[in-house]
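Below is one structure, written out as structure tokens, with a few remarks after it.
The values are calculated or read from the model by the stated rules, or taken from the named source; none is laboratory data. Just so it is clear, the model here is predicted, and its values are computed rather than measured. Neighbour counts run over all protein chains shown; Cβ positions are idealised from the backbone, glycine included.
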Amino acid sequence: MAIVARVVFLLGEADCLRTDTNESVLLPIGALLTSVGMLLLGSAVVLERAWHGWPRFGPLSMGVYPLLAMFPLAAATGEPPSAAIGGWAFTFVAVGIACVQASRARPLRAGSVRSSSASTEQAAPQKSASTNRVAENEGREVGG
């Protein structure tokens, strides 16, 4: 959902460029959908304990921020709050750092790579043998 929301937001940005304005109905829709999507993802990350430490709350902060900072200011002033929107970028950076840290926390182990390649090597001769049997059987049927 958050990815679709970002596409909607991107279309809103393109609409702003096309019309040479700062306003597009797609921008707040994209921001709201991003917020909802990241709230769902962030809740899942926290509840499943998929990440540890502060990165665990990165996606959730990205979903909560617009509800606490951007949307109330926009409702109060009737204008898009540029500073608050810029502040939202920090949560994007936090999610990026959290993703990098999570990927470093679970590096591939050499044993797991060898195990999978060894099983692939074992499966290959069996496949070749079964392929040969099928070819032999087809040859008998055709020649028979």
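Tell me which residues, restricted to the range 1-12, are in a helix (DSSP H, G or I) and either modelled with pLDDT under 85 or small (Gly, Ala, Ser) (or both). Correct list: 2, 3, 5, 6, 9, 12.
The number of residues in the range 82-105 that are exposed (fewer than 13 other Cβ atoms within 10 Å of the Cβ) and hydroxyl-bearing (Ser, Thr, Tyr) comes to 2. Every test in (1) buried (at least 19 other Cβ atoms within 10 Å of the Cβ); (2) under 19 Å from residue 96 (Cβ atoms) is passed by residue 27 save one, and that test is (2). Exactly one residue out of 31, 89, 84, 75 is in contact (Cβ under 8 Å) with a residue 24 or more places away in the chain and of a type in the set (Gly, Ala, Ser): that is 31. Out of 68, 41, 60, 73, which single residue is in a helix (DSSP H, G or I), modelled with pLDDT of 90 or more and exposed (fewer than 13 other Cβ atoms within 10 Å of the Cβ)? Of the residues listed, the single one that is in a helix (DSSP H, G or I), modelled with pLDDT of 90 or more and exposed (fewer than 13 other Cβ atoms within 10 Å of the Cβ) is 68.
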